Amino acid sequence: MFQGVYTALITPFRTDGSVDEAALRRIVNAQIEAGIAGLVPMGTTGESPTVSHAENMRVIEIVIEEANGRVPVIAGTGSNSTSEAVDMTRQARDLGAAASLQVSPYYNKPSQEGLYRHFTTIADQVDLPLVVYNIPGRTGKNIETPTLARMASHPNIVAVKEASGSIKQMMDVLEALPESFDVLSGDDNMAFPLTAIGGRGVVSVASNLVPRRMVQLIDQVLAGELAHARAAHFELLPLFRAVFVDTNPIPIKYMMHRAGFCEEIYRLPMVPLSPEDKSQVDAVMSRLGVV
């Protein structure tokens with residue numbers, strides 16, 4: 001169902017702290033014009049922990065409106081409260097989302113059985129394709145491969161955004177799950193190796209800034225042009241590292257600001273990059289010719 005590069009969109013803010021709807025629409029159009037496979041609003045990169053539920057749904061609505069059916073929108077409607085995730089996912093479905101991105105419940109750290117019941121309850125109650133988001137570095141709990149395999153038997157649970165950082169786990173997932181279940185990298189620096197061993201692509205932070213280059217990289221891997229893809233991977237690797245010189249989405253939002261897409265505004269507790277980190281990021285952007 002999902003293959004290619006899906007951009008984990010930033011959420012631009014105005015100086016008064018409100019969502020910058022005009023900037024968001026410009027970003028959506030720039031992404032689609034660059035050939036992106038789909039858009040993922042209101043994930044971690046969209047600063048979802050700091051927006052209200054109403055703002056979360058409004059951002060999703062804007063992205064769906066502006067995409068206007070040109071690419072699928074995978075709406076970030078996850079929560080560590082199952083009932084809250086169900087409610088937000090219903091709203092996203094009614095707005096026209098193609099799928100939902102459901103992060104593993106954070107902070108309350110459920111058992112593997114709790115994880116299974118959380119995701120399958122959402123899938124039972126909302127008839128919308130569901131992409132499981134495994135990011136133990138943020139949630140404090142890994143979705144183990146046998147648990148994911150159990151989930152995959154549900155007809156509405158169709159893919160995983162795999163951000164464990166473990167190539168061993170990624171290989172285990174690809175080996176254990178059916179070929180029809182899409183495995184997408186949740187880390188830009190793992191997109192090349194994961195796609196090369198059978199993954200379907202990436203939910204990308206870097207593609208906010210360099211969508212065409214990310215699309216070319218993944219297209220080359222999927223076409224079996226591994227030498228070209230490997231060269232593209234290493235060319236972009238300094239950017240992949242710079243994107244995480246501080247907590248995501250701080251660096252990528254600074255880069256998008258430097259590229260003229262948005263103001264450099266965050267919501268607390270996110271704060272701007274240090275001057276030293278800005279210098280490092282500026283140097284990477286200059287070398288890549290993106291500013």
Matching option when the condition is among the aromatic types (Phe, Trp, Tyr) and closer than 24 Å to PRO193 by Cβ, among PHE13, PHE2: PHE2
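Please state which one of ILE60, ILE122, ILE74 is outside any helix (DSSP H, G or I) and β-branched (Val, Ile, Thr).
ILE74
Yes/no per residue for (1) in a helix (DSSP H, G or I); (2) within 14 Å of the chain's Cα centre (by Cα); (3) aliphatic (A, V, I, L, M); (4) within 22 Å of ILE250 (Cβ to Cβ):
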position: ILE10; (1), (2), (3), (4): no, yes, yes, yes
position: ALA23; (1), (2), (3), (4): yes, no, yes, yes
position: THR45; (1), (2), (3), (4): yes, yes, no, yes
position: ILE64; (1), (2), (3), (4): yes, no, yes, no
Breaking point among (1) part of a helix (DSSP H, G or I); (2) surrounded by fewer than 20 Cβ atoms within 10 Å (Cβ to Cβ), for VAL215: (2)
Residue satisfying all of: in segment 250-282; among the polar types (S, T, N, Q) and exposed (fewer than 15 other Cβ atoms within 10 Å of the Cβ); nearest to THR15 (Cα to Cα) among these: SER274
Unmet requirement for ALA191, which otherwise passes all of (1) surrounded by fewer than 22 Cβ atoms within 10 Å (Cβ to Cβ); (2) closer than 30 Å to GLY260 by Cβ: (1)
Pairs, first more than 20 Å from ARG287 (Cβ to Cβ) in segment 242-262, second part of a loop (DSSP other than H, G, I, E, B) and among the basic types (Lys, Arg), C-beta under 8 Å, six or more apart: none
ASN56 vs. criteria within 20 Å of the chain's Cα centre (by Cα) and either surrounded by 15 or more Cβ atoms within 10 Å (Cβ to Cβ) or hydrophobic (A, V, I, L, M, F, W, C) (or both): yes
Check on SER279, in a helix (DSSP H, G or I) and touching a helix residue (DSSP H, G or I) at 6+ places or on another chain (Cβ under 6 Å): no
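Go through segment 178-207 and give me each residue that's of a type in the set (Asp, Glu), closer than 17 Å to THR145 by Cα and not in a loop (DSSP other than H, G, I, E, B). Working first, answer last.
So in segment 178-207, the residues of a type in the set (Asp, Glu) come out as 179, 182, 187-188.
Next cut, closer than 17 Å to THR145 by Cα only: 179, 182.
ASP182, the sole residue that qualifies.
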Segment 126-144, residues that are part of a loop (DSSP other than H, G, I, E, B) and more than 13 Å from MET170 (Cα to Cα): VAL126, ASP127, LEU128, PRO129, GLY140, LYS141
Hits in segment 237-249 (condition: of a type outside the set (Ser, Thr, Tyr) and surrounded by fewer than 22 Cβ atoms within 10 Å (Cβ to Cβ)): LEU237, PRO238, PHE240, ARG241, PHE244, VAL245, ASP246, ASN248
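Mind telling me which of the residues SER153, SER83 ends up being hydroxyl-bearing (Ser, Thr, Tyr) and either under 20 Å from the mean Cα position of the chain (by Cα) or not in a helix (DSSP H, G or I) (or both)?
SER153
Where a number appears in this text, it was derived from the coordinates with a stated rule and is not lab data. This one's a predicted model, so the numbers in the text were calculated from it and none came from an experiment. Methodologically, a virtual Cβ is constructed for each residue, glycine included, from the backbone with ideal geometry; neighbour enumeration extends over all protein chains shown.
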